[in-house]
Amino acid sequence: MDGERQGKVVWAVRVKGKLLFLFILTLNLFNATHANVHNNDVHAQEEKRDNDVPYKYKACVMSWYTIHIESAVNNLRFRCQSKDDDLGIVTRNAGEMYEIKFCLNVWKSTVFFCHFYWESKQLMFEVFRQGKTSHEYCFSRVHGFKNDCYWMVRDDGFYIPQSCNPPGNWVKKYYWQ
């Protein structure tokens, strides 16, 4: 094989390899930006979805986050959503936890919001927004790659922790409406 033809073959192999890598990366990014819900609820038999694969099995180029929503009241109902995922309506009692696990998207626009209902009260707000506000209630576990965000729902409002491991020194962020 002459030098010019050999150079073209090498170039073609490199381009195909890069295209294959980009294709696989795109598939992983699409898969990883969807939420993975961990209900920790013994009574709710909610529908399994394609994205209910544990997050440790999904690729993530950005950081992993887990939003922990703990109820301190009985019969707390709420529905959490992002642009890509509607996680459905769930009910929690005092002492029960709800978790949303997800990977940040590469566009730095990840947002989750929840609409909470308890007795005659309700409130809807963002439980996570990628960027400046998440530092108030999120803590890094593994050098910024694995992060935990905490919310506590009580009868007088919604609280965020001032410390982690375990979360403590809870401070009220929102009142019920």
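Here, each number is a calculation from the coordinates, and none is a lab measurement. Please read all numbers here as calculations on a predicted model, not as lab measurements. Every residue, glycine among them, receives a Cβ derived from its backbone with ideal geometry; neighbour counts consider all protein chains shown.
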Difference of contour (0.36 nm per residue) and Cα-Cα distance, S109 to V171: 19.7 nm
Packing-wise, with mean Cβ within 10 Å as the measure, how do 145-154, 85-94 rank, highest first? 145-154, 85-94
Quick check on segment 61-102: take the gyration tensor over C-alpha atoms, sort the square-rooted eigenvalues as a ≥ b ≥ c, and tell me if it's rounded (a/c under 1.5), prolate or oblate. oblate
Pairs from K83/K121; K83/K173; K121/K172; K108/K146; K101/K173 whose Cα-Cα separation, in the structure shown, is over 20 Å: K83/K121; K83/K173; K101/K173
Would you work out the charge dipole size for segment 77-146 about its Cα centre, treating the Cβ of every Lys and Arg as +1 and the Cβ of every Asp and Glu as -1, and quote it to the nearest 20 debye? 200 debye
